[in-house]
Amino acid sequence: MAKILLVEDDTDLSGRVGEWLTFEQHSVESVFDGLEASQRLRIYSYEVVILDWELPKMSGIEVCKEFRGRGGATPILMLTGKGTVTEKEAGLDAGADDYLTKPFHLKELSARIRALMRRPVASYTGSTLKIGLLELDPSTRRVTRSGEELTLLPKEYALLEFFMRHPNEVFSPDALLNRVWNSESDASTDTIYTYIKMLRKKITPEAPASMIKTVHGVGYRLENK
């Protein structure tokens, strides 16, 4: 599961892509011009940005260059009808991580997103995230502990996947809201506390200490010894 910013001015295409990614359990925020995309990227954090080349108010290339110029590191997948080597080179030189030419198959889009999300932050077995006794397979959304499958609510899963992609990093409740919950969500820091409590019980039900540690006055981290 990823929090994705979809920037596409073709409302029909945006709707189809958004529905597909939501079906695949991603959290999708859709905007339709480059200026709004740039403003969102200044305020919110995302796991992946899907960015059309030709946009009103500000082109995808300009959005990409500006974002990278500010130090933005979120993976960017550029969408465009432009298919020449020179145009692809321009997109990649602007800071895009990958390039998908229209028309494209939605399953290929999903595969590209999975590839962009692979980061060397936890040990991998194929596409599986593994920390301690926990294993999480993003492609099947299956989570196991010592080989036994766990039943998680969608947001519990999303929170755990985020922690497993960023082991030993400390995140404040506000940061977790920003990274895991949709920007328009009415969730609060109390929501984070509740989900942390529920997730702890499920991933370490009998252990004397949870893998999710509280860093007092700061936030939470998933310990990867």
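The values are calculated or read from the model by the stated rules, or taken from the named source; none is laboratory data. Small disclaimer: the values here were computed from a predicted structure and weren't measured. Positions of Cβ are backbone-derived with ideal geometry, glycine not excepted, and every protein chain shown enters the neighbour counts.
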Do we find a residue being of a type in the set (S, T, N, Q), farther than 30 Å from V31 by Cα and in contact (Cβ under 8 Å) with a residue 40 or more places away in the chain anywhere in region 166-185?
yes
How about region 1-78: which helices (runs of 4 or more DSSP H) wholly inside it have at least 1 residues that are touching a helix residue (DSSP H, G or I) at 6+ places or on another chain (Cβ under 6 Å) and over 29 Å from R141 (Cβ atoms)?
34-43, 60-69
The residue that is surrounded by the fewest Cβ atoms within 10 Å (Cβ to Cβ), considering only those in region 109-133 that are at pLDDT below 50 and among the small types (G, A, S), is G126
Identify the single condition in (1) exposed (fewer than 14 other Cβ atoms within 10 Å of the Cβ); (2) out of contact with any strand residue (DSSP E or B) (no Cβ under 9 Å at 6 or more places or on another chain); (3) farther than 20 Å from R142 by Cβ that V218 does not satisfy, given that it satisfies every other one.
(2)
For region 139-156, does any single residue satisfy the condition of being modelled with pLDDT under 85, among the basic types (K, R) and farther than 22 Å from R40 by Cβ?
yes
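Kindly evaluate T191 against the criterion of being modelled with pLDDT of 85 or more and at negative phi.
yes
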For region 90-108, which residues satisfy the criterion of being more than 25 Å from D137 (Cβ to Cβ), at pLDDT 85 or above and aliphatic (A, V, I, L, M)?
none
Flagged in region 199-213 as farther than 18 Å from R165 by Cα and not in a loop (DSSP other than H, G, I, E, B), in numbering order, are K201, K202
